[in-house]
Amino acid sequence: MPSSGPIRRAIAPVLRTMRDRIADANGLLDQPVINQATTNGLRVVRTQLESSMERVNELNTRWLEHMDNLEENALLAEEEMCRMNTSWTYTREQEELWN
């Protein structure tokens, strides 16, 4: 059975790009005067974020299809691996949604 590793590894750079673009947008929004250059910069950032979101959605679809094809034991192992490897801290509500 193929691994989801390539899918998961592809997600990390996209998330980093999104984080960087959000930081770019915040920098533009922190400027005291919003001029045409700032507006144009925000449009570029918006386009980049939209592209990144499309990529995350594609990868998520691939990962879900991968998960749908796993047998029960492999599925449980995959879910546990993802839970252990995540860099996010879950709140109780998020953990309940995960389970």
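The values are calculated or read from the model by the stated rules, or taken from the named source; none is laboratory data. On a predicted model such as this, the values are computed, not experimentally measured, just so you know. Backbone-built Cβ (ideal geometry, glycine too); neighbour counts: all protein chains shown.
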Residue pairs qualifying under the 6 Å Cβ cut-off, at least six apart or on distinct chains, with the first in segment 22-39 being under 17 Å from Glu50 (Cβ atoms) and the second being assigned to a loop (DSSP other than H, G, I, E, B) and modelled with pLDDT under 90, are none
Requested in this report: Take Asp20 and decide whether it is touching a Gly at 6+ places or on another chain (Cβ under 9 Å) and at pLDDT 90 or above.
Outcome: no
If we take segment 1-91, then helices (runs of 4 or more DSSP H) inside it with 2 or more residues that are under 13 Å from the mean Cα position of the chain (by Cα) are 5-29, 36-68
Note on segment 44-94: residues surrounded by fewer than 11 Cβ atoms within 10 Å (Cβ to Cβ), modelled with pLDDT under 75 and not polar (S, T, N, Q) are Met84, Trp88, Arg92, Glu93
Here the residues within segment 1-21 that are surrounded by 11 or more Cβ atoms within 10 Å (Cβ to Cβ) and touching a residue at least 60 places away in the same chain (Cβ under 8 Å) are Ser4, Arg8
